[in-house]
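Asks: Below you'll find the structure I mean.
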């Protein structure tokens, strides 16, 4: 039985994780603690000499793996593991996780080889179809030995783009893009996520770059990884952690309604761990994103859908990702009624002053956010009006760029009707 994992960060051996029975302990190496500007594994695991106990260690590590128990169990079976414990899974799948961390069993050398295997359109199409058939099967056609893991609930896979061609990366070669076929019960959700991300970017929100592409008749959202950097064509990894990890939250409590962090808890993380300038910018960006979420109907923005990026000497709020809207998936007649009451009970991921539904969020909520984020009085309200005023035109421009048959998807045709209703709600609430 493996009892120790070595942890590498930015290609440096920084810590060890030991297992005794079911208890985990993380300890930084003394030479790393004494090094210049060491980067922490997590803001909940700062670079200090004393070890971290089971709870702190496990909460962070759990969030590196898929959320769903059936996915974890399947991964354990694929690797012929005796259990699907976090430690056992990272022994196999920990060499390529989100950010720049790598986990290897003690006595195992870090990977040095790099390889890119070209993929055909048909092969990529098959992967998309496989995930749409079975959302628990992320590893179809992906060797267990590659040690790949991404957190979250949706089935997804990662590839590398090089000179306009797609490749399967292996060894130390990083992936550059994440492929998301969408959520099973919501057909076209990959397309609505693309629309939402592009609308956000057009409106000046720092969101991940994405495209909608088709492979062998299958459409898919492709998101450019922002935990990567490019230096003269060489791709490197940037370390990041999501805000569930940064707040010490178990993955099963990623929603505030399930006991997870609220936005004020997140603001506290910013204030404690970012420079004063970066914390102020992060709080303003986050508050604006919560306003955008109200207008667009984005109700899945839990703590794992936001991240911090850590580099030597600095931490910042990462670009926003996993932005979508639930509104076009209501019944067609309801959306076409243009009645805001249809969406009144849609819950937002974060409550503001006790308010967490589209119908109850109002001008008072914006004033509360404005104060907590440190905006000058009236500035966030002014921003809200600007977004609501511009939204319909931007939605029209983004959807017009889609291929014709994707425009005909029910969720896409209903998207502008849902946002029209929401902009009316916003303008009435702020009148």
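Asks: For residue 361, work out the one condition from (1) over 30 Å from residue 275 (Cα atoms); (2) within 22 Å of the chain's Cα centre (by Cα) it doesn't fulfil.
Replies: (2)
Asks: Continuing with this model, one more query. Which condition breaks for residue 205 when tested against (1) on the phi < 0 side of the Ramachandran plot; (2) without any contact (Cβ under 8 Å) to a residue 60 or more places away in the chain?
Replies: (2)
Asks: A follow-up question, please. Is there a residue being surrounded by 16 or more Cβ atoms within 10 Å (Cβ to Cβ), in a strand (DSSP E or B) and touching a helix residue (DSSP H, G or I) at 6+ places or on another chain (Cβ under 7 Å) anywhere in the stretch 40-57?
Replies: Checked against the condition, which is being surrounded by 16 or more Cβ atoms within 10 Å (Cβ to Cβ), in a strand (DSSP E or B) and touching a helix residue (DSSP H, G or I) at 6+ places or on another chain (Cβ under 7 Å), the stretch 40-57 yields at least one hit.
Asks: Okay, next question. Within the stretch 260-277, which residues are touching a helix residue (DSSP H, G or I) at 6+ places or on another chain (Cβ under 9 Å) and without any contact (Cβ under 8 Å) to a residue 60 or more places away in the chain?
Replies: If the condition is that a residue be touching a helix residue (DSSP H, G or I) at 6+ places or on another chain (Cβ under 9 Å) and without any contact (Cβ under 8 Å) to a residue 60 or more places away in the chain, then 260, 261, 265, 266, 270, 271, 274 are the ones that fit.
Asks: While we're on this one: Those residues that are surrounded by fewer than 21 Cβ atoms within 10 Å (Cβ to Cβ), at pLDDT 90 or above and in a strand (DSSP E or B), I need them from the stretch 160-176; list them, please.
Replies: 161, 162, 165, 167 - these are the residues of the stretch 160-176 that are surrounded by fewer than 21 Cβ atoms within 10 Å (Cβ to Cβ), at pLDDT 90 or above and in a strand (DSSP E or B).
Asks: Anything in the stretch 17-39 that is out of contact with any helix residue (DSSP H, G or I) (no Cβ under 7 Å at 6 or more places or on another chain), within 21 Å of residue 94 (Cα to Cα) and not in a loop (DSSP other than H, G, I, E, B)? List them, or say none.
Replies: If the condition is that a residue be out of contact with any helix residue (DSSP H, G or I) (no Cβ under 7 Å at 6 or more places or on another chain), within 21 Å of residue 94 (Cα to Cα) and not in a loop (DSSP other than H, G, I, E, B), then 18, 20, 27, 28, 32 are the ones that fit.
Asks: Condition test on residue 203, is it more than 20 Å from residue 307 (Cα to Cα), at pLDDT 95 or above and surrounded by fewer than 21 Cβ atoms within 10 Å (Cβ to Cβ)?
Replies: yes
Asks: Another question, then. Considering only residues that are without any contact (Cβ under 8 Å) to a residue 40 or more places away in the chain and over 21 Å from residue 159 (Cα atoms), look in the stretch 229-258 and name the one that is surrounded by the most Cβ atoms within 10 Å (Cβ to Cβ).
Replies: Among them, the one singled out is 253.
The values are calculated or read from the model by the stated rules, or taken from the named source; none is laboratory data. This structure is a prediction, so every number in the text was calculated from the model and none was measured. All Cβ positions, even for glycine, are placed from backbone atoms using ideal geometry, and neighbour counts span all protein chains on display.
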